1. Taking helices (runs of 4 or more DSSP H) that do not extend beyond region B:718-818, which have at least 3 residues that are over 26 Å from residue B:385 (Cα atoms), modelled with pLDDT of 95 or more and not assigned by the TED database to the domain that holds residue B:428?
2. Just to check your reading of the model, which residue among B:385, B:354, B:366 is crowded, with 21+ Cβ neighbours inside 10 Å and assigned to a helix (DSSP H, G or I)?
3. Working carefully through the options B:425, B:472, find the one that is more than 30 Å from residue B:365 (Cα to Cα) and more than 7 Å from chain A (Cβ to nearest Cβ).
4. Within the bounds of region B:289-303, is there any residue that is in a helix (DSSP H, G or I) and farther than 30 Å from residue B:351 by Cα?
5. Looking only at helices (runs of 4 or more DSSP H) that fall completely inside chain A, which ones have 2 or more residues that are out of contact with any helix residue (DSSP H, G or I) (no Cβ under 7 Å at 6 or more places or on another chain), within 30 Å of residue B:478 (Cβ to Cβ) and more than 8 Å from chain B (Cβ to nearest Cβ)?
6. Within region B:490-522, take every residue that is surrounded by fewer than 16 Cβ atoms within 10 Å (Cβ to Cβ) and in a helix (DSSP H, G or I) and give me the one that is farthest from the other protein chains (Cβ to nearest Cβ).
7. In contact with a helix residue (DSSP H, G or I) (Cβ under 7 Å, 6 or more places away or on another chain) and crowded, with 21+ Cβ neighbours inside 10 Å: which single residue out of B:484, B:441, B:421 fits that description?
């Protein structure tokens, strides 16, 4: 399957965590817990986005490929596109 | 933000209480649980305090209650917990409670005593009854075997046969018999028979089958000997009526007595039950009332008494927000509204108050376990709500395990109000229950990181198709079946077009879990990830220090401490993060042979050397690195000397304008310095400046700053390395779950027949038990501990002092009373 490269996942994830960390805090109803909930949303967005970003950037330009056993190659050759 | 961000403002206040209404005011305050009382009479022993008499009275009442409680428990009843919590009683009511409780105790004692005596008597009578009842068969047997012993035939003989009947403990029978034989050889005949039903032994209370004996003898002296021997053996001896008629008469008489006694005993038991009912009804309320009363008097003992104005003065720590509530309470408690509260300025450090709800309480407690926040310093808890489960999840990442953990915590959260869960007595269960929200978040984040690591019970899932195409590689290198048969393992080359199609959109590509060299890739990925996340975490910690500097009006520290710290961190380790990202983006498989090693570059940066084989990552790398190292080294002396020199200059210049430290409104009873609760790692870094002698202080300040500098700089290096435990533990977890799968669960799939299906069941059972025990419990605890350590040491030593003590208000909260 043709991959969308880096652009599509980056845009999707950035928008998603951007909404979680940047837009949802404005929508939290006023109350005594508003500050805590906002902190939680922003921290969660930053942590999860960073973690995903590291995972995808580490695989962007692999310096070496996977070493497979011949049985795996026999199977994957026809089973995976 | 709410008060979770930093401690609430707490002030020192004085309460002026009229003697008459002091008790009710304190009772009112205790119901609301707002203030912490300070002891104004620390040097007075407990026996010399003002209200010692009342305290003693309460303790006596408690003793009576304990006795009543024991009686209830002995009768097998459990007192019901008090439904609503009653208020502390006024003096008259307390007197009534005392009288009633003593009266009830007295009654209970008397009734119990009479009941036990009735019981004893009944038992005696029963034993007596069995003695002649049990023995009638014998004389007939005797008379058959030895006609000379038949009493009815012996009237004309000069020897008179006498009989002694009694009851003896079964274990003593043989000794008794032997002794009788030796002492009165030949002059007696003894027969023993067991009682038909067991009866209670008065001494030990257990039911034993007693043995009835009947001794027939002749001669007075023998009789005396027999009686002495029976006395020795502690057996009950009863007279044995000789004729049948007198025997039956004795039996009927005994029956009658037993009957009467049983009736009396029943009545006594009924009365006892009534008394116990009454006690069970009132005891819980009384207990709570007297406990409250005692607490109030203990608090009153801490107040100082002003003779001239006839009022009690109490010193309290009060949250500023609650001052109006305190005023309300005082107005309600006092008769004429004459009690009032007055705020008092102080230089002492107030206790820390951070209000939490049931969700944030767990996270606040893990922060407090290291050290309670100093007054008004930034609280790491609101950030730990997310970072702690996140760091845990990095070490624990597995979708399956995370899901199990999440469901377990969800069950606890949904049923948190059920009394069965709340009132468990097992400490380990209670620990898990208190941390249910923590475990919930840990499980949720573990599911997320499990998806990123692409591990579900150690198996990868191909949500998106894999980016590595084996077919293309096989076609390009013409891997025929024969070729594959002779080569057991082959590597995919990303340089070949079409083999690698792009990064996997969400997480790690599933092909890596099938590869034999997957650890090569994963180790590199996880190490770099740990370093990046560690440096981000630590940078965040340094930035939280800004809030402290601004709040405590120490803006000089922003320039003299925060700036050098950030420069040091970012110039060295921020640059490392940049190198990591740069290499990921810029270098691909085409230059994989000559790809530079970041580690070598980093080492060369510090040593100002260069390695010819290690190509630079970007042009101009060497001068850039030199500048960064010089910048970082230059920031160290600024950090070391900046703040002390600034404070020294400040103290030298306006020497005349030094303000008086204490305000005039303070009164005598204030203590000099209260021992603050110390944390494990408390530094004596004063967040408020004091006016002591300057020379002594400068040396101390300089010493503190030197320690801080060394700690910070060396800490940056060692803490960055410490974050590598994220890599180590996630590797261990992945390997453990893989081993468990391949060595346990896979064996269940080997047999393909129906038998194999049956074998799968115990194999799965073993897999499940080992998963829960090793991977969830053991690994979970391990990852929890390491995440905790990372927070407490690596994160918090960038900004947290933690030398405060908690505000413990005087409160009658239900969970402080059983």
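1. none
2. B:385
3. Exactly one of B:425, B:472 is more than 30 Å from residue B:365 (Cα to Cα) and more than 7 Å from chain A (Cβ to nearest Cβ), namely B:472.
4. No, region B:289-303 contains no residue that is in a helix (DSSP H, G or I) and farther than 30 Å from residue B:351 by Cα.
5. By residue number, A:70-79.
6. Within region B:490-522, the match that is farthest from the other protein chains (Cβ to nearest Cβ) is B:519.
7. Every option except B:441 fails the conditions.
Results for (1) closer than 27 Å to residue B:9 by Cα; (2) in a helix (DSSP H, G or I), shown as yes or no for each residue.
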{"position": "B:546", "(1), (2)": "yes, yes"}
{"position": "B:554", "(1), (2)": "yes, no"}
{"position": "B:563", "(1), (2)": "no, yes"}
{"position": "B:568", "(1), (2)": "no, yes"}
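The values are calculated or read from the model by the stated rules, or taken from the named source; none is laboratory data. As the structure is a computational prediction, the values presented were derived from the model and not from experiment. Virtual Cβ from ideal backbone geometry, glycine too; neighbours counted across all protein chains shown.
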